[in-house]
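Okay, so here's the structure we're looking at.
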C-alpha cells in the first residue's frame, strides 16, 4: 500500500492517514468555520506573506472586515504574532483560529498556504474562492524529495479553488493553468495582466496596470509581482481603482520583509526573511543600484534541505563584498557543520576566510560585526529570520529578534 501511495506526486513518508483524520476531526469540532468565510489562499515559494498582507490591508481599508493567517501574524484588524516557526499551522489550531476570525464578524479570510499544508490535508474543508500563485523555486526538498512533487503539492490548491490568479512569468504557471477551474495570469514579461512603467527605488516600487497607478513602500522587483497579484484580487472582488491604489500604498511595512532599520546611522541596514536561493537573489537584485559595499549576514536552519547551503553561500559571495556566516535555527544539528557548507559555497565564488568571509556562530555578535564593518553608503543585509521571535537551538527556543537586536546594536554606533 505504501509503495502505491508513494507513486502519488504529492506523497512523501510524512503523509500518513492521521493527517487526513486530524483535519476531519478539526472540521467537526469547530463546525467547518472556513465555509462561513470568503477565503483567498496564497501559495508559492516566495512572496506569500507579503501578498497576503497586501490583500488583507487593501480589503480592510476598503471597509471589508478581513482575517489574516500568515507566517508572521494572524487575526483581523488587530494581529497576534505567529510565534511558532510554521506558516500554515496544524489542522486543529487552523480551524480554531478561523473560527475566532469568523465569529469576530469577518467577511473574508486571507490564508497563506504551504505545500506541507496541502500535502498533509490541513486545509481540508476550507473552500477557496480565489487562489494566488506567486512563484516556485528550489525549496523544501528535504520534505518533498523532488521538485516535481513539491510543484504537484501546491497544485492541489488550484484544483480546489473556484478561481486562480497565476504568475505567468513562472514556468510552473503552465501546469497550474491545466489544473485550475478558471484563471487569469499576470506578470511583467508574460501574462494577460502586466505591470508597465516600472520604477524601482530602495524605498519602494511604482508601476502602472492599465489606469491603476500602484506605489508600494516595500522595495524590490518581486514586490511588483506581489502587489499586482493583490491588485487582481481586488479587481476580482469588485474594489474600485481608488480603493486598490490606496490599499496598496498605505501599507507601510511587513515585519521581517525588506525592513529598513534606521537609527540615524550613515549606512543602510535591511532585515529580511530570505532563506531560499531565489529569495536571496531577489533581495540582492532589490539593492543592485545602491552605492557602497554590501555586507551580508546569513546562516542555515538545521534539519532543513541541506542541498541549498553551499548554493546560498555562493550567492552570498557573488553579491556581497563581505559575507558573515552565522547561526539560524540549528535545532539539534551541529551549527559548525551547517556553516561549513555555506563557507564551502562562498569560497567557490572567490571569498577568502578571515579576509572577506567570516564565521561567527553567535548571531548577535555576527550582526554586531557587520554593523562595525559598515561605513557611509554601505548596505548591511541581515537575512534568514526576519520576523521570527526565537532562535531554535539544541536545548530549545531562545528569545531572539533580528530587528530588535539590530536596533539595540545600532544605538551604540555613532557614525
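The values are calculated or read from the model by the stated rules, or taken from the named source; none is laboratory data. What you are looking at is a predicted structure, and each value in this text was computed from that prediction instead of being measured. Quick reminder, even Gly has a Cβ in these numbers, built from the backbone with ideal geometry, and neighbours come from all protein chains shown.
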Worksheet item: Residues of the stretch 217-246 being modelled with pLDDT of 95 or more and within 17 Å of the chain's Cα centre (by Cα), which ones?
Response: 224, 225, 226, 227, 228, 229, 230
Worksheet entry | Test: residue 359 is farther than 21 Å from residue 71 by Cβ and surrounded by 15 or more Cβ atoms within 10 Å (Cβ to Cβ) | yes
Worksheet item: Out of the residues in the stretch 192-204 that are part of a loop (DSSP other than H, G, I, E, B) and in contact with a strand residue (DSSP E or B) (Cβ under 6 Å, 6 or more places away or on another chain), which is farthest from residue 130 (Cα to Cα)?
Response: 195
Discussion item. Of the residues 386, 350, 302, 345, only one is on the phi > 0 side of the Ramachandran plot, surrounded by 19 or more Cβ atoms within 10 Å (Cβ to Cβ) and assigned by TED's automatic domain parsing to the domain that holds residue 269; which?
Written reply: 386
Discussion item. Take residue 110 and tell me if it is outside the structural domain of residue 276 (by TED's automatic domain parsing), at negative phi and assigned to a loop (DSSP other than H, G, I, E, B).
Written reply: no
Worksheet item: Taking the stated definitions as given, is residue 231 in the same structural domain as residue 195 (by TED's automatic domain parsing) and touching a helix residue (DSSP H, G or I) at 6+ places or on another chain (Cβ under 7 Å)?
Response: yes
Fill in: Breaking point among (1) in the same structural domain as residue 360 (by TED's automatic domain parsing); (2) farther than 20 Å from residue 194 by Cβ, for residue 243
(1)
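Kindly indicate whether residue 189 is surrounded by fewer than 22 Cβ atoms within 10 Å (Cβ to Cβ), in a strand (DSSP E or B), assigned by TED's automatic domain parsing to the domain that holds residue 241 and free of Cβ contacts under 8 Å to residues at least 60 places away in the same chain.
On the way: surrounded by fewer than 22 Cβ atoms within 10 Å (Cβ to Cβ): yes; in a strand (DSSP E or B): no; assigned by TED's automatic domain parsing to the domain that holds residue 241: yes; free of Cβ contacts under 8 Å to residues at least 60 places away in the same chain: yes.
No, not satisfied.
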Discussion item. The conditions are (1) free of Cβ contacts under 8 Å to residues at least 24 places away in the same chain; (2) assigned to a strand (DSSP E or B), and residue 235 fails exactly one of them. Which is it?
Written reply: (2)
Discussion item. Against the conditions (1) free of Cβ contacts under 8 Å to residues at least 60 places away in the same chain; (2) surrounded by fewer than 24 Cβ atoms within 10 Å (Cβ to Cβ); (3) under 19 Å from residue 233 (Cβ atoms), where does residue 28 fall short? Just the number, please.
Written reply: (3)
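Kindly state which helices (runs of 4 or more DSSP H) lie completely within the stretch 1-85 and contain at least 2 residues that are at pLDDT 80 or above. I'd like the intermediate steps shown before the answer.
Details: elements: 2-6, 17-30, 48-61.
Where helices (runs of 4 or more DSSP H) fall fully within the stretch 1-85 and carry at least 2 residues being at pLDDT 80 or above, they are 17-30, 48-61.
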Discussion item. Residue 356 - would you say it is farther than 25 Å from residue 310 by Cα and either over 21 Å from the mean Cα position of the chain (by Cα) or in contact (Cβ under 8 Å) with a residue 40 or more places away in the chain (or both)?
Written reply: no
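Grab the helices (runs of 4 or more DSSP H) fully contained in the stretch 272-378, keeping just those with 2 or more residues being touching a helix residue (DSSP H, G or I) at 6+ places or on another chain (Cβ under 6 Å) and at pLDDT 95 or above.
Working: elements: 277-286, 309-319, 335-348, 363-373.
Because the criterion is at least 2 residues that are touching a helix residue (DSSP H, G or I) at 6+ places or on another chain (Cβ under 6 Å) and at pLDDT 95 or above, the helices (runs of 4 or more DSSP H) in the stretch 272-378 that meet it are 309-319, 335-348, 363-373.
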